[in-house]
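Following: one structure in structure tokens, then a few remarks.
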Amino acid sequence: MNKKVVYNANNKRPSDKKAAKNEFQYAKGNVTYLSRKDNFANFDKATAAPKPQSLSQKVTNNSTIVANKNYGTAPKATGKMPAQKQKNGVELSDLRGKSYDDPMWNKLLSQMSVKDLGKVITYGGYQTFRIPSVKKVETYDFDGPSGLSSTFVKMNTTMFPGAEMIASTWNKQLAHKRGKTVGEQGKQAGVFGWYGPAMNIHRSAFGGRDFEYYSEDPTLSGNMAANEIAGAKSEGVYSYMKHFAMNNQETNRLAGLMEWDTEQSIRETYLKSFEMATKDGGAGAAMTAFSFIGNRWCGANKELLQDVMRGEWGFRGFAETDYFVAKGVMNADAAIANGNDLMLSTTGVGANVQYQNNPTQVRYMRKAAHNIMYTVVNSGAYSKGNYKHGQSTLLPYQRSFITYFVIAYVVIGLIQLLAIFLYRRKYVKNN
């Protein structure tokens, strides 16, 4: 039957929580897109070799990178400062199984100090941080798309073939089994967060991360990702769907790489697999991309993280940055204001939330901590038999391994400093 269906504010798609609307018109840019009009009449122009061009003043002025225009400034202070450090007698474990909007969350968040909130947000490097005031355990979240691995602890886990291999089977049941196996191994090792799977689109055979991504087809990618995520989730391991979104180039990825495209292409090609991972796979975490959609960094992109992922798709959980190293591009204040909750930072350098005496900022911090802890408390880290009442989820031999690793790291650093000192003394003496 040839029947035209129009989805709009009065007729949302059945799978959406909220009616979709155009969110990425700003990302169209000054690009000639191939059109079917008049039998692809603009083919030669659209496929011609690109020429260098400067960004318009409008794009430059509204960019989230140029001169840190929208970064590093305090949000407008509104309302009263939320009351923190209250004695409400609530532990995070009390929220397991509760709805995201349960009133008890406010009591828990009010029990935390502003410093506690900042720690949860800042120190997201392969972990979520331990907060004794609410008995929040430290969880370990490790790489990567082919299975759990770590340079910090001893892991007797399996590295599976690359994502293209599983996608080539077109076997959703096999993908679910692979995700379930990752979850089983994570549970055995005390690791409940998985930096995977990755589901960006193959645009070229020379893509720097094609080995992590499934396919050039968004529906195939979405089916594989959704099933792997659901499989891991069945064992209590939350997956970070990544790299959200349009992480299509590795070259210059830390330099404010801007990706331009149409609303239709963004949604039908580049967001489709993430949409399926959310709606069909039940993803509870996402890792945002270094890159920009148009002139807006993915890690502080309200349209991407709030309006589409949470608003339209109904995502419940938290978003984390990619590794926090892109100076001048990544900013924790901008991130939490626009829906990115956790910073993938091991040291906290540059990832600290500023303006913590600002009531608007503290509300952003509470929201971010809420998102993080909602996923964590409903993971295997808090299931019966795993939860250790505020202690680490790692096994004893793994915690010892981390201790030895840190000691070795410090010793190596001291040796390097000594070598620099001796070299400088010798250089000064000889000159």
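The values are calculated or read from the model by the stated rules, or taken from the named source; none is laboratory data. Note that the structure is a prediction, hence the values are computed from the model and not measured. All Cβ positions, glycine included, derive from the backbone under ideal geometry; neighbour counts span all protein chains shown. When the accessible area is computed, the model is the full protein with side chains, heavy atoms only, and any ligands, DNA or RNA have been set aside. Shrake-Rupley method; radii C 1.70, N 1.55, O 1.52, S 1.80 Å.
Working from Cα pairs under 8 Å separated by at least six residues, relative contact order for the chain is 20 percent.
Of all the options Leu304, Leu414, Leu257, the one that moves most in a Gaussian network model of the chain with Cα springs shorter than 10 angstrom is Leu414. Across region 1-51, Cα pairs under 8 Å and at least six residues apart give a relative contact order of 19 percent. Near Ala27, once Lys and Arg are set to +1 and Asp and Glu to -1 for all other residues with Cβ below 10 Å from its Cβ, the sum equals -3.
Any idea what the relative contact order of region 89-214 is, in percent, if you count C-alpha pairs under 8 Å spaced at least 6 apart? Result for region 89-214 is 22 percent.
Straight-distance candidates among the lysines for linking to Lys4, with alpha-carbon spacing under 28 Å and chain neighbours fewer than 8 residues away dropped: Lys12, Lys17, Lys18, Lys21, Lys28, Lys37, Lys272, Lys279. Extension gain for Asn11 to Lys384 (0.36 nm times residue separation, less C-alpha to C-alpha distance): 130.0 nm. When Lys and Arg each count +1 and Asp and Glu each count -1, what net charge do the other residues less than 12 Å away from Lys85, Cβ to Cβ, add up to? Neighbourhood net charge equals +1.
Here the Gaussian network model covers the chain, with springs between Cα atoms less than 10 Å apart; of Lys119, Lys37, Lys136, Lys37 fluctuates the most.
Dividing the Cα radius of gyration of the chain by its Kirkwood radius returns 0.99 for Rg/Rh. With viscosity 0.890 mPa s and temperature 25 °C, the Kirkwood radius over alpha carbon pairs of region 1-65 converts through Stokes-Einstein to a diffusion coefficient of 153 µm²/s. Just the protein heavy atoms count here, and of the accessible area of the chain at 1.4 Å, carbon and sulfur take up 53 percent. In region 121-159, whose amide N lies under 16 Å from the spot 7 Å out along Cα-to-Cβ of Ala419? List them in ranges. Zone members listed by number: none at all. Computed from the Cβ-Cβ distance with R0 of 30 Å, the FRET efficiency linking Met165 to Arg36 stands at 0.30. The Cα atoms of region 128-267 define a convex hull whose projected area, averaged across directions, is 10.3 nm². Partner lysines whose Cα lies under 25 Å from the Cα of Lys85, excluding those fewer than 8 positions away in the same chain, are identified as Lys76, Lys98, Lys107, Lys115, Lys119, Lys135, Lys136, Lys367, Lys388. Per residue, the solvent-accessible area of the chain (1.4 Å probe, heavy atoms of protein chains only, all protein chains present) comes to 51 Å².
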